[in-house]
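Asks: Take a look at this one; I'll ask things after.
The values are calculated or read from the model by the stated rules, or taken from the named source; none is laboratory data. Keep in mind the model is a prediction, meaning the values are calculated, not measured. Ideal geometry is used to build each Cβ from the backbone, glycine not excepted, and the neighbour counts take in all protein chains shown. Keep in mind that these areas ignore ligands, DNA and RNA; they rest on the heavy atoms of the full protein, side chains included. Shrake-Rupley method; radii C 1.70, N 1.55, O 1.52, S 1.80 Å.
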Amino acid sequence: MSIIDFRTDPGRYRHWRLEIDGAVATLILDVKEDGGLFEGYELKLNSYDLGVDIELADAVQRLRFEHPEVAVVVMRSGKERVFCAGANIRMLGGATHGHKVNFCKFTNETRSGIEEASQESGQVYLCAINGTAAGGGYELALATDHILLVDDGSAAVSLPEVPLLAVLPGTGGLTRLVDKRRMRRDLADVFSTTEEGVRGRRAIDWRLVDEIAPSSVFDEAIAKRAQALAEGRARPPAGAGITLPDIERRIEDDSVTYDLIELRLNRGARVGELLIRGPDVPAPEEVADVHQAGAAFWPLALARQLDDALLHLRFNEPDIGCLVIKSEGEAAQVMAYDALLQSLSDDWLGREVLLAWRRVLKRLDMTARSIFALVEPGSCFAGFLAEILFAADRSYMLLGQFEGDNRPAAGLWLSRLNFGPFPMANGLSRLETRFLGEPDSFTAAEGLIGQELDADRALSAGLVTFAPDDIDWEDEIRLLLEERASFSPDALTGMEANLRFAGPETMESKIFARLTAWQNWIFQRPNAVGEAGALRLYGSGVRPSFDKERT
């Protein structure tokens, strides 16, 4: 199997063009038909596959770091009379089940990144629909803040997956209709079962779009709306951004190595061990030094490498069922960077680094792997790095020292960053979610900020799951991994996804914890993917045959 690489840049884009004009950026979707990630399909009518979305995710990230002066991002098509026909059906029909599910998940994460860029980074997105916007094409529009539809008598928005493909609008479409755009449920039912979609004034009345404009003045309307959205938005000056270079890594048979992360793969045991390295240089003293360091600033470099490693695991190592996370380094250095990040909350770059960590931690939350964190002598799970312990399904902290190891016993440190800046999809911090039924434990944990916690204190505070001593450590970890490998991966994925998102439900948690699970199930049903299923027969002229039993 060829490796899917998530590293790209505007100079390598095949399907998008990024243009910057002062405070307004334009992302132009012009999909290359023969540019599919795999063979066997053509990307006609601006339909997309994972490769198209990898470029979009990169563009959204670069706009935040490289062009913070941008206040408005206009998303539009480079083709006449078509915006986007959605996910390529032949790609979906021929893809493995795992690829389909992971494709939808990544696309959801990219859409959520667009919404976060607007809410947290001040970059508002405007979608200009010049023709057909169907399925995932309209769902892309739904992720933006303002939708402008050309009123030419034929341009329409639609979510035709249910009537045509026997699947769900898999990138959050249904949820965004009713939760974000507040569309009436009965009208959403009509819309989602109407193949031809809705156009013109009805699209406004049903809150499917925000504005319509005749084709004769469509470009003028786009420019006018972009200017109106940009007015009054204070932004950093042009040239303030930093460059995001390619992430360097080395892939070998049983490992993927970055300078701050090493991922070791034991395929026989179905276990991946991910080692995070702490900083090897002290935290900068001045804000200017952080900007000077740019992408080499340790927290940002680590976030980017960890994100790439998680995506590599997701798409290229499907047989790895358990992810064991360790760390090594000076905890005091990590806490110094943690304090610096807190002091930079009003600086645009500091804010973006914190938001990058918010996104990568959410990616970890969404990982369909059993996640275990091990705190050993020499670990540096401190401050924001301790979030990894609270994202894990279980955490083990060594009580005391290993025999013959003269390093100090393992420690754990909390900071203010563990109490709010990194909310999960449910809107709560990981500690709030952890102590949902123990509010006194959450309050007590706040009182431990800045203190070194040994295994006894961490276990007593509920911050780790178990604290074996060196006599039991090796056996406990071995039995844990052997037991996990013996269980059904399907059952574990369902169990973990349920347990990780306790508490309130948000639009984001519905999209990931609920809709992704439904899509996972539907993508295995013969009505969609069987020999006579809708995805397999789409475009053939043969009607699909459905099992009519409702379950």
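Asks: Spelling out what I want: for every residue of the stretch 407-419, take phi, set θ = phi - 60°, compute 6.51 cos²θ - 1.76 cosθ + 1.60 (Karplus), and round to whole Hz; glycine and proline get x.
Replies: Computed from phi, the couplings for the stretch 407-419 are 6, x, 4, 4, x, 9, 10, 9, 9, 4, 5, 7, 10 Hz.
Asks: Binning every alpha carbon pair distance of the chain at 20 Å from zero, what are the percents per bin?
Replies: With a bin width of 20 Å, the distribution comes to 21, 54, 24, 2.
Asks: Through the Karplus equation 6.51 cos²θ - 1.76 cosθ + 1.60, θ set to phi - 60°, convert the phi angles of the stretch 278-294 into ³J(HN,Hα) values in whole Hz; use x for Gly and Pro.
Replies: Running phi through 6.51 cos²θ - 1.76 cosθ + 1.60 with θ = phi - 60° gives x, x, 9, 10, x, 5, x, 9, 10, 4, 4, 5, 5, 5, 5, 5, x Hz.
Asks: Amide H of Ala87 versus every other amide H placed in the peptide plane: which residues, excluding those fewer than 5 positions away on the same chain, fall under 5 Å?
Replies: The list, which skips near neighbours in sequence, is Tyr48, Gly136, Gly137.
Asks: Here's another thing I want to ask about it. Label 7 Å along Cα→Cβ of Arg201; the stretch 210-234 residues with amide nitrogen under 17 Å?
Replies: Under 17 Å, as judged by backbone N against the label point of Arg201, lie 210-215 of the stretch 210-234.
Asks: Let me cross-check Glu330: its accessible surface, 1.4 Å probe, with only protein heavy atoms counted, in Å² to the nearest 10?
Replies: Roughly 120 Å² of Glu330 is accessible to a 1.4 Å probe.
Asks: With each pseudo-label sitting 7 Å past Cα toward Cβ, what's the Asp547-Asp246 distance in nm, one decimal?
Replies: 4.7
Asks: Determine which lysines satisfy two conditions relative to Lys32: a Cα distance under 29 Å, and not lying fewer than 8 residues away in the same chain.
Replies: Lys44, Lys79, Lys100, Lys105
Asks: Please give the contour-minus-distance gain from Arg457 to Glu438: 0.36 nm per residue of separation, less the Cα-Cα distance, rounded to one decimal in nm.
Replies: Additional length available on full extension: 5.2 nm.
Asks: Bin all alpha-carbon pair distances of the stretch 159-307 at 5 Å intervals from 0 and give each bin's fraction as a whole percent.
Replies: Percent of Cα pairs in each bin: 2, 7, 10, 10, 8, 8, 9, 11, 13, 12, 8, 3, 0.
Asks: Can you give me the long-range amide H partners of Glu211? Hydrogens built in the peptide plane at 1.01 Å from N, cutoff under 5 Å, separation of 5 or more residues or another chain.
Replies: Here the answer is Ile147, Leu149, since their amide H atoms fall under 5 Å of that of Glu211.
Asks: By how many nm would the segment from Phe38 to Gln119 grow when fully extended, if each residue of separation counts as 0.36 nm and the alpha-carbon distance is taken off?
Replies: 25.7 nm
Asks: Which FRET efficiency, nearest 0.05, do Asp469 and Asp259 yield, Cβ-Cβ r, R0 45 Å?
Replies: Given R0 = 45 Å and the Cβ-Cβ separation, E is 0.85.
Asks: Further, regarding this structure: How high is the relative contact order of the stretch 160-313, given as a whole-number percent (alpha carbon pairs under 8 Å, six or more residues apart)? Let's see the in-between values first.
Replies: Values: 107 pairs, mean separation 20.1, N = 154.
This gives 13 percent for the stretch 160-313.
Asks: For Ala491 and Ser216, what is the calculated FRET efficiency with R₀ set at 60 Å and r taken between the beta-carbons, to the nearest 0.05? If you can, show how the numbers build up before the last one.
Replies: On the way: r = 58 Å, r/R0 = 0.97.
Rounded to the nearest 0.05, the efficiency is 0.55.
Asks: Once amide H atoms are placed 1.01 Å from N in the peptide plane, what residues at a sequence separation of 5 or more from Val375, or on another chain, have their amide H within under 5 Å of its amide H?
Replies: Those lying under 5 Å, H to H, from Val375 are Tyr396, Met397, Leu398.
Asks: When only Cα pairs under 8 Å and 6 or more residues apart are kept, what is the percent relative contact order across the chain?
Replies: Computed value for the chain: 12 percent relative contact order.
Asks: Mind grabbing the base-10 log of I(q)/I(0) for the stretch 40-126 at q = 0.27 Å⁻¹? Debye formula, identical points on the C-alpha positions, no solvent, two decimal places.
Replies: So the normalised log intensities work out to -1.32.
Asks: Leaving out ligands and nucleic acids, note down the accessible area per residue over the stretch 424-486 with a 1.4 angstrom probe, in whole Å².
Replies: 52
Asks: If you don't mind, there's one more thing I want to ask. Expressed as a rounded percentage, what relative contact order does the stretch 230-297 have, with Cα pairs under 8 Å and six or more residues apart?
Replies: 23
Asks: Shifting gears a bit: Could you tell me which of Gly98, Gly241, Ala467 has its Cα farthest along the dipole of the chain towards the positive end, charges placed at Cβ (Lys, Arg +1; Asp, Glu -1), taken about the Cα centre?
Replies: After comparing all options, I get Gly98.
Asks: With a point put 7 Å past each Cα toward its Cβ, work out how far Ala296 is from Phe419 in nm, to one decimal.
Replies: 3.6
Asks: Rounded to the nearest 500, what is the chain's calculated 222 nm mean residue ellipticity when only DSSP H runs of at least 4 contribute -39500 (n - 2.57) each, over all residues?
Replies: -11500 deg cm²/dmol
Asks: Can you work out the Karplus-derived ³J(HN,Hα) for every residue in the stretch 449-461? Use 6.51 cos²θ - 1.76 cosθ + 1.60 with θ = phi - 60°, whole Hz, and x for glycine or proline.
Replies: 4, x, 8, 7, 10, 7, 4, 4, 5, 5, 5, 5, 7
Asks: Tell me the label-point distance for the pair Ile3, Asp405, using the 7 Å Cα-to-Cβ offset, in nm and rounded to one decimal.
Replies: In this crude label model, Ile3 to Asp405 measures out at 3.0 nm.
Asks: Return the Cα extents of the stretch 477-551 along principal axes one, two and three, sorted largest first, each rounded to a whole Å.
Replies: Taking max minus min along each principal axis of the Cα atoms, the stretch 477-551 gives 54, 33, 23 Å.
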